[in-house]
1. With Rg and the Kirkwood Rh both taken from Cα atoms, where does Rg over Rh land for segment A:5-50?
2. Which number comes out as Rg/Rh for segment A:182-259 once both Rg and the Kirkwood Rh are worked out on C-alpha atoms?
3. Two-decimal Rg/Rh of segment A:146-218 from alpha-carbon positions, Kirkwood Rh?
4. By count of other Cβ within 10 Å, fewest leading, how are A:D117, A:D225 ordered?
5. How large is log10 of I(q)/I(0) for chain A at q = 0.11, 0.13, 0.18 Å⁻¹ when the intensity is taken from the Debye formula with one equal scatterer per alpha-carbon?
6. Can you work out the PRE-style zone for B:K2? Point 7 Å along Cα to Cβ, and I want the residues of segment A:203-234 with backbone N under 20 Å.
7. If you fit an axis through the alpha-carbon atoms of helix A:143-153 and take the longest principal axis of the Cα set of chain A, what angle between them do you get, 0 to 90°, nearest 10?
8. Rounded, prolate or oblate: which one fits segment A:49-105, using the alpha carbon gyration tensor with axes a ≥ b ≥ c (rounded when a/c is under 1.5, else prolate when a/b beats b/c, else oblate)?
Amino acid sequence: MFEAKMLQSSVLKKIIESLKDLFADANFDCSSSGITLQDMDSSHVALCYLKLRSDEEGFEDYRCDRNITLGVNLGLMSKILKCAGNDDVVTLRAEDEPNILTFIFDSKNSERVSKYDIKLMEIDSELLGIPDTDYSCVVKMPSHEFQRICSNLSQLGDSVTIDCHKEGVDFKVAGEQGSGAIKLKQTTSVDKEEDQVTVQLNEPVTQSFALKFLCAFTKATSLSDTVNLSLTQDTPVVVEYPIAQHGYLRFYLAPKIEE
Amino acid sequence: KKKQVSISRFFTPA
């Protein structure tokens, strides 16, 4: 038996909304330690990794008697989650050898309980090992700032060059019709921590990435006030949205490399 | 000219 009761259905809604356009079908791997999801986009350029820990406060109840994999069409899951109120508590339930995933939405005043079943899918996807590595540079910034930068620069070109150096971080685009550059300096005098831009730099990095994917990742903006960009030369960038009381959602994007 | 590479180049099967 698997049963996970999430206090905020809005969190699950936001997660699925941010994934469903790039990642059509995905396996939710459930174990006693929590729920993980890893998936590659169809062009094998981007990877997402979601971790929701069972011992965090976002789950009111969590039970997973044996490890199970729930293969789900994320478009369908998004439709089901639209049937939940934002303040509803959502319970996910499945048997030990499941064909069906059940969603139960309880309204805050317990006056309305709705239940939806969806058929599970057999999804053949290869899990990749993602090593824990030290990155040359980690930028922490307001998530809405990152969203604005990606949106602004995508109007002029397909790829952004991210240049991390000791003064801050530069985002540059050069297209056929024009070019643009946004410089972010480290902030030291901002009151709120979530408004700060910080750059932890071991080594400078200059790397280009496809804006199409970065813009897609920023659909997760409402999950978190801040976003962390971790970069090392000639390796994928990690775009991480912490999810309060649950864990995190990370996107990995392969760079564009000079051939 | 910069070329987009695949993500699987960087991670090995688990």
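Nothing in this text is a laboratory measurement; each read-out follows from the coordinates by a stated rule. All of these numbers come straight from a predicted model, not from anything done at the bench. Cβ coordinates were reconstructed from backbone atoms using ideal geometry, including for glycine residues, and neighbour counts include every protein chain displayed.
1. On the way: Rg = 11.5 Å, Rh = 11.6 Å.
The Rg/Rh ratio comes out at 0.99.
2. On the way: Rg = 13.7 Å, Rh = 14.1 Å.
For segment A:182-259, the value is 0.97.
3. Checking Rg against Rh, the ratio lands at 0.99.
4. On the way: A:D117 13, A:D225 16.
Fewest-to-most ranking of A:D117, A:D225: A:D117, A:D225.
5. -0.64, -0.86, -1.39
6. A:203-218, A:228-234
7. The angle comes out at about 60 degrees.
8. Details: a/c = 1.57, a/b = 1.10, b/c = 1.42.
Oblate.
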